[in-house]
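Take a look at the structure below.
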Amino acid sequence: MRLSLKQILSKFAEPITAAGFTLLALAMRLWHLGQPKGFIFDEVYYAKNAHSYALHGVELNDKGQADFIVHPPVGKWLIALGIKIFGFNEFGWRVSSAVIGSLSVLLIYLVAKKLFNNPLISSSAAILTLTDGLHLVHSRTALLDIFLMFFILLGFYFLLNSRHWLAGVSLGLAAGVKWSGLYFFVAYFFFMLYSDYRQARAMEEPSALKFTLKNNFITRAFQYGIVPVVTYIASWFGWFITSTGWDRNWSHNILRNFWHYHAEILNFHKNLVDKHSYSANPWSWLVMGRPTSFFYATPKTCGAKSCSQEILGLGTPFLWWSATAAIAITFGYWLARREWQSGLLLLSFVAGYIPWFTFQKRTMFSFYAIAFEPFLILMICYVIAKFLEDEGKRRVRERYVYGYLAIIVLCFIYFSPLYFGGVISYSSWYNHMWLPSWI
């Protein structure tokens, strides 16, 4: 029997919706991706490092000498892939970020579907990710943090689907982008141990409980300990198979050289206390107290006496401010109901955010918050799910959800010149500076 168009659309509504969000995200990220010309912010480091990977398999400076680099290779290998395909130009070194950023929209849609099993909430998660300025800016620049966020979210997705070995690989790749990915596989290791304990206590005979927990501990140690570490080490394959990497020949023992390199990286991060005009304490990240300016210029092409062009690492304000409230609400529900969704989202948020408070003297930037941004959005979705629980009021309350999403979209559109690097008058730019600390 042949299906009508309406039946086909109904049957495949969710895959079509997910694909639509992903394609829209890709279009937004590829649009004028090669602009502005030149390196934006830390692209001057990462794009050049990636180009060296594409040419030599390891990081060398402009003189062909080994370069001391303080972040692992995975993100730069992905940037190198874009350079290899499209050349060493602005589009080439940014396109991998655009693709990964777009795929993260699809991924958060699937995660929300798994958590809440509600098409409206899944769509809300995708829309909120699509219209977050910080996510968009990261998706259009060759920095590492969009890759870190993606692999963390991918590991979370695999955990939700009980694909724990793949979760371990994903989290190892996250640590292979930046060391802050380490906190997530530690957090999920303990989460799974606690989940196993709860299950075993409910189902097993007392005599078998100890044996079950011991076996589970060993399995989880491999899944969320050994596998991520092995994946992380494997990500350094370029350094291992060449002889030109930094301190590759520091001693006759390659493993000792590898350990020495990491000790030097740790020493760098511990002593990174330089003053920076856009440094921001973690206390201010959630409210976007001091966003990072990735690019600023004063062209003469806006038709006004004075013009501005900026790319600002600013999360869509109403989204982030409402997410801050959602954290408190989610925590309240966890205290009252102990639901696993609220607990796991809070744990993920804590793993990405709280460790930064232990480095108060270190130079830090608010754009680091992109790593845990998906969990802020998912906590907003959790609050929406609670808001829609009352079946008798669901239809009316759905209208409020649509209204909330419309406000976020409008806020995003208003700030979009600062996300896409549009040329506007200085007075218009100044009107976008809602807080003095944004200037």
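The values are calculated or read from the model by the stated rules, or taken from the named source; none is laboratory data. These numbers were taken from a predicted model, which means no experiment stands behind them. Neighbour counts run over all protein chains shown; Cβ positions are idealised from the backbone, glycine included.
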field: Tabulated pairs, the range 157-180, first on the phi < 0 side of the Ramachandran plot, second among the aliphatic types (A, V, I, L, M) and in a loop (DSSP other than H, G, I, E, B), C-beta under 8 angstrom, 6+ apart or interchain
entry: Val177/Leu144; Lys178/Leu144
query: Quick one: is Tyr224 assigned to a helix (DSSP H, G or I) and closer than 17 Å to Ser170 by Cα?
result: yes
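Residue-by-condition table, conditions (1) farther than 22 Å from Leu173 by Cβ; (2) free of Cβ contacts under 8 Å to residues at least 60 places away in the same chain; (3) surrounded by 14 or more Cβ atoms within 10 Å (Cβ to Cβ):
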residue: Met28; (1), (2), (3): yes, no, yes
residue: His32; (1), (2), (3): yes, no, no
residue: Ile83; (1), (2), (3): no, yes, yes
residue: Ile108; (1), (2), (3): no, no, yes
- line: Residue hits (the range 231-253; in contact with a strand residue (DSSP E or B) (Cβ under 9 Å, 6 or more places away or on another chain) and not aromatic (Phe, Trp, Tyr)) are Thr244, Gly245, Asp247, Arg248
statement: Going through the range 296-349 in order, the residues found to be part of a strand (DSSP E or B) and either among the polar types (S, T, N, Q) or surrounded by fewer than 18 Cβ atoms within 10 Å (Cβ to Cβ) (or both) are Tyr296, Ala297, Ser308, Gln309
task: Tell me the helices (runs of 4 or more DSSP H) entirely within the range 14-118 that contain at least 1 residues that are small (Gly, Ala, Ser) and more than 22 Å from the chain's Cα centre (by Cα).
output: 43-56
query: Which one is surrounded by the fewest Cβ atoms within 10 Å (Cβ to Cβ), of the residues in the range 401-428 that are in contact with a Pro (Cβ under 8 Å, 6 or more places away or on another chain) and farther than 13 Å from Gly315 by Cα?
result: Ser428
- request: Return yes when Trp239 is at pLDDT below 95, out of contact with any Leu (no Cβ under 6 Å at 6 or more places or on another chain), in a helix (DSSP H, G or I) and surrounded by 14 or more Cβ atoms within 10 Å (Cβ to Cβ) and no when it is not.
  value: yes
- request: Exactly one condition in (1) modelled with pLDDT of 95 or more; (2) part of a helix (DSSP H, G or I); (3) within 30 Å of Asp62 (Cβ to Cβ) is not met by Val177; state its number.
  value: (2)
